[in-house]
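Asks: This is the structure I want to talk about, given as structure tokens.
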Amino acid sequence: MSESVNAAAARHEGGEPVIRAVGLEKRYGSFTAVDRVTFDVRKGEVFGLLGPNGAGKTTTMEMMEGLRRPDGGSAFVAGYDTQKELKKVKQVIGVQLQSTSLFDLLKVKEIVRMYASFYPSSVPIQPLLQDMILEEKKNDRVKHLSGGQKQRLAIALALVNDPQVIFLDEPTTGLDPQARRTLWDIILKLKARGKTIVLSTHYMDEAHVLCDRICLMDRGKVIALDTPERLVRSLHSDSAVEFRLPQLEAAPPEGGERDRVLGLLRGVCGVKRVEAREEVYVLYTDQLQSTLTDWIALAEKNGLRFADLRTRSATLEDVFIHMTGRSLRES
Ligand SMILES: Nc1ncnc2c1ncn2[C@@H]1O[C@H](COP(=O)(O)OP(=O)(O)OP(=O)(O)O)[C@@H](O)[C@H]1O
């Protein structure tokens, strides 16, 4: 991570930090899974770790939770050092692990009671199940729950000790859209109650909807950290124009035709950046109308026939592509 990003990541503009990650590092042999990761999480915010598979999100989270020992750096939660004061840390955090192996044969209420018994004090179980929309399922065995219900149960278990800070590791992976939205509502309600939430995800729409700030990670490093709006604004292009050029799809790659067209596209009025991915050309612009008009005239003049033209707003996915040259999915 460059010094300037590091400094920006470490800076907190108001708001009390409840978590501090300071130069966290984790290595497996010669492979660096987490590389000097530094940031603060403010009290009451939803803080997202967004990145592709293998970016180091889970490892970073587990070092903050005290579950994995860093090879360098430190993490503090509510002022407690996660390596030296783990007992204190455990009292203030709730953790939903990526693959919670719930006891299949237990009933929902039994497993929640069992988890509650691990703590000196716990929240009342009935309202907790109601909040997680599991009240009707309390007498069902875990193995009979749907994916979304299992995830909500995993979150209920993370909440039994009424933690200040909740860690959610890819809470909606594998869920259908309806179940994802139900979980989003639950997460936003937890935030409304003042909980601090650290969430990892590789869904940019989820990060955009839920997170106050997003730490964009790639290959173990923090590559950007800001609000979703400011990250997108950093592109200086609020729109994207996408299309295919079928006549180029048949052209030999070494013929130079694609390079010639890319050159033309870079000269279209208002275009800040051009991407060509899997036969789809993307023009990033902050002057949508001028770009469209100019592109259509230029295509006409140069005998280029476009197909599947569409315009859309720029997204966090575009920010990631801009910074890494890869998409969140293909990384
Ligand atoms: N115990 C381990 N031994 C060796 N390599 C590991 C170990 N744990 C994680 N890694 C590697 O470290 C990198 C970061 O893994 P991590 O699980 O933190 O990524 P992630 O961003 O959470 O990805 P995912 O979305 O797939 O969970 C990956 O390349 C992973 O293969």
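Asks: For the list (1) touching a strand residue (DSSP E or B) at 6+ places or on another chain (Cβ under 9 Å); (2) closer than 21 Å to THR172 by Cβ; (3) acidic (Asp, Glu), I need the number of the one condition that ASP131 fails.
Replies: Of the numbered conditions (1) touching a strand residue (DSSP E or B) at 6+ places or on another chain (Cβ under 9 Å); (2) closer than 21 Å to THR172 by Cβ; (3) acidic (Asp, Glu), the odd one out for ASP131 is (1).
Asks: Also: Within 31 Å of the chain's Cα centre (by Cα) and at pLDDT 95 or above: which single residue out of VAL274, VAL268, VAL232, VAL241 fits that description?
Replies: VAL241
Asks: Next question. Within region 288-322, count every residue that is among the charged types (D, E, K, R) and under 28 Å from the mean Cα position of the chain (by Cα).
Replies: Quick first cut of region 288-322, residues among the charged types (D, E, K, R) only: 294, 300-301, 305, 308, 310, 312, 317-318.
When the remaining residues are screened for being under 28 Å from the mean Cα position of the chain (by Cα), the result is 310, 312, 317-318.
Final tally of qualifying residues: 4.
Asks: Assess whether ARG27 counts as being at pLDDT 95 or above, loosely packed, with under 15 Cβ neighbours inside 10 Å and within 16 Å of the ligand (Cβ to nearest atom).
Replies: Criteria met by ARG27.
Asks: Given the residues VAL282, VAL319, which is the only one that is in contact (Cβ under 8 Å) with a residue 40 or more places away in the chain and farther than 20 Å from VAL209 by Cα?
Replies: Going through VAL282, VAL319 in turn, just one is in contact (Cβ under 8 Å) with a residue 40 or more places away in the chain and farther than 20 Å from VAL209 by Cα: VAL282.
Asks: Going residue by residue through region 151-174, is there one that turns out to be more than 22 Å from SER122 (Cα to Cα), away from the ligand (no atom under 16 Å from the Cβ) and surrounded by fewer than 21 Cβ atoms within 10 Å (Cβ to Cβ)?
Replies: No - not one qualifying residue is present in region 151-174.
Asks: To continue, here is another question. Listed residues ARG266, ARG258, ARG219, ARG277; which is surrounded by fewer than 19 Cβ atoms within 10 Å (Cβ to Cβ), touching a residue at least 40 places away in the same chain (Cβ under 8 Å) and closer than 27 Å to TRP295 by Cβ?
Replies: None of the other options fit; the residue is ARG277.
Asks: Counting just the residues of region 63-103 that are in a helix (DSSP H, G or I) and either among the small types (Gly, Ala, Ser) or within 20 Å of ARG36 (Cα to Cα) (or both), which one comes out farthest from the ligand (Cβ to nearest atom)?
Replies: Top of the filtered list is MET64.
Asks: Among the residues of region 38-62, what is the count of those that are polar (S, T, N, Q) and either more than 7 Å from the ligand (Cβ to nearest atom) or without any contact (Cβ under 8 Å) to a residue 24 or more places away in the chain (or both)? Give the derivation first.
Replies: Pass one, region 38-62, residues polar (S, T, N, Q): 38, 53, 58-60.
Now restrict to residues that are either more than 7 Å from the ligand (Cβ to nearest atom) or without any contact (Cβ under 8 Å) to a residue 24 or more places away in the chain (or both): 38.
Of the residues in that region, 1 qualify.
The values are calculated or read from the model by the stated rules, or taken from the named source; none is laboratory data. A quick note: this is a predicted structure, and the numbers were derived from the prediction, not measured. Reconstructed Cβ throughout: ideal geometry from the backbone, glycine too, with neighbour counts over all protein chains shown.
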